[in-house]
Amino acid sequence: MSSRKSQSLLSLDLGLKRIGIAGCDKLGITVTLLPPLTRTTFINDIKYLRNICNQRNVSGLIIGLPLDEKGIETRQSKYCKKLGKKIASSLSLPLAWVNEHSSSWEAATKFNLKGDRSGALDSATAVILLEQWLQEGSTIKL
């Protein structure tokens with residue numbers, strides 16, 4: 001059994017056009033797919049995310065980091081790291097990173113979303129990231 005502190009978390013799959021979102025309950029048992037955020041301005045994106053965080057009493061963020069197959073940073077992972085830190089800072093929340101290599105493929109297969117352009121795949125990927133983080137028994141320093 002994990003010694004992880006009970007906390008409600010929000011998982012984000014950061015993209016240029018959308019942010020996929022998933023959340024879990026305080027016990028980390030139920031992971032919920034949430035509607036994706038179609039990005040506009042950073043200020044509007046933060047308002048939307050802050051609202052979700054307040055509604056769900058979120059105490060930490062899990063953010064996907066798209067490393068390559070060898071676990072090495074990519075151009076996209078550097079972008080996600082920079083944006084993720086900015087989001088976490090703006091929301092005053094701690095964050096943890098999850099290697100999201102192949103997570104979109106896994107989400108497309110698991111949720112039958114191959115070829116999806118609606119944003120559902122982005123949030124399904126956020127579910128995979130959060131489930132992975134929970135299974136690894138990781139912690140976020142509060």
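Summary of values
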read-out	value
Looking only at the range 37-62, and only at residues there that are in contact with a Gly (Cβ under 9 Å, 6 or more places away or on another chain) and among the basic types (Lys, Arg), the one that is surrounded by the most Cβ atoms within 10 Å (Cβ to Cβ)	Arg56
Among the residues listed as Leu33, Leu67, Leu27, the single one being at pLDDT below 90, under 16 Å from Leu129 (Cα atoms) and out of contact with any Leu (no Cβ under 7 Å at 6 or more places or on another chain)	Leu67
Residues of the range 64-78 classified as assigned to a loop (DSSP other than H, G, I, E, B), surrounded by 12 or more Cβ atoms within 10 Å (Cβ to Cβ) and not aliphatic (A, V, I, L, M), total	4
Selection from the range 39-51 of residues that are among the polar types (S, T, N, Q) and within 20 Å of Leu130 (Cα to Cα)	Asn51
Residue that is modelled with the lowest pLDDT [pool: residues in the range 97-116 that are surrounded by fewer than 18 Cβ atoms within 10 Å (Cβ to Cβ) and within 15 Å of Leu14 (Cα to Cα)]	Ser102
Hey, Leu65 touching a strand residue (DSSP E or B) at 6+ places or on another chain (Cβ under 8 Å), closer than 15 Å to Ala88 by Cβ and either of a type outside the set (Gly, Ala, Ser) or touching a residue at least 12 places away in the same chain (Cβ under 8 Å) (or both) or not	yes
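The values are calculated or read from the model by the stated rules, or taken from the named source; none is laboratory data. What you see is a predicted model; the values in this text were computed from it and never measured. Neighbour counts are summed over all protein chains in view; Cβ atoms, including those assigned to glycine, are modelled from backbone coordinates with ideal geometry.
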